[in-house]
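Since the structure comes first, as structure tokens, the remarks are kept for the end.
The values are calculated or read from the model by the stated rules, or taken from the named source; none is laboratory data. Treat the numbers as computed from the prediction; the structure is a model and nothing was measured. Virtual Cβ from ideal backbone geometry, glycine too; neighbours counted across all protein chains shown. SASA here: full protein model, heavy atoms, side chains in, ligands and nucleic acids out. Shrake-Rupley method; radii C 1.70, N 1.55, O 1.52, S 1.80 Å.
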Amino acid sequence: QVQLVESGGGLVQAGGSLRLSCAASGSIFRANAMGWYRQAPGKQRELVARISSGGSTNYADSVKSRFTISRDNAKNTVYLQMNSLKPEDTAVYYCNADYGYLEIWGQGTLVTVSS
């Protein structure tokens with residue numbers, strides 16, 4: 001089974017940028033979609049961004065124009081470029097692979113945005 005490992009989280013000041021990476025141990029080519037989700041303390045996990053196998057993307061309204069999701073099938077890696085970060089972006093960010101019959105989650109990476 002494919003495993004997902006996120007990296008790139010950390011502490012950043014408001015207005016700064018981070019790039020998250022999600023490296024898969026196997027092919028993501030056949031995944032229907034790859035996504036980034038986040039969970040802030042005391043809140044439910046929510047979709048941040050999603051990219052389909054065909055390259056179509058969708059974003060949460062709160063991150064549109066600030067975040068960009070991309071995928072490199074050759075490297076089996078998905079990225080989330082986060083710009084103009086806000087304190088409310090603070091959360092654990094999880095990578096997700098949706099194969100239709102199966103969903104796989106990574107362990108998450110913590111992003112903390114200080115004001």
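Conditions (1) closer than 11 Å to Tyr93 by Cβ; (2) touching a Cys at 6+ places or on another chain (Cβ under 9 Å), marked per residue:
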{"site": "Leu4", "(1), (2)": "no, yes"}
{"site": "Ala14", "(1), (2)": "no, no"}
{"site": "Ser25", "(1), (2)": "no, no"}
{"site": "Ala33", "(1), (2)": "no, no"}
{"site": "Ala40", "(1), (2)": "yes, no"}
{"site": "Ser62", "(1), (2)": "no, no"}
Tell me yes or no: at least one residue of the range 24-40 is more than 11 Å from the chain's Cα centre (by Cα), assigned to a loop (DSSP other than H, G, I, E, B), within 18 Å of Val5 (Cβ to Cβ) and β-branched (Val, Ile, Thr). yes
Lone unmet requirement of (1) within 15 Å of the chain's Cα centre (by Cα); (2) open to solvent by less than 30 Å² (accessible area, probe 1.4 Å) for Gly16: (1)
Say whether the condition of being under 10 Å from the mean Cα position of the chain (by Cα) and among the charged types (D, E, K, R) is met by at least one residue in the range 75-94. no
For the range 81-107, the count of residues that are under 15 Å from Leu18 (Cα atoms), open to solvent by 30 Å² or more (accessible area, probe 1.4 Å) and either part of a strand (DSSP E or B) or polar (S, T, N, Q) (or both) equals 6
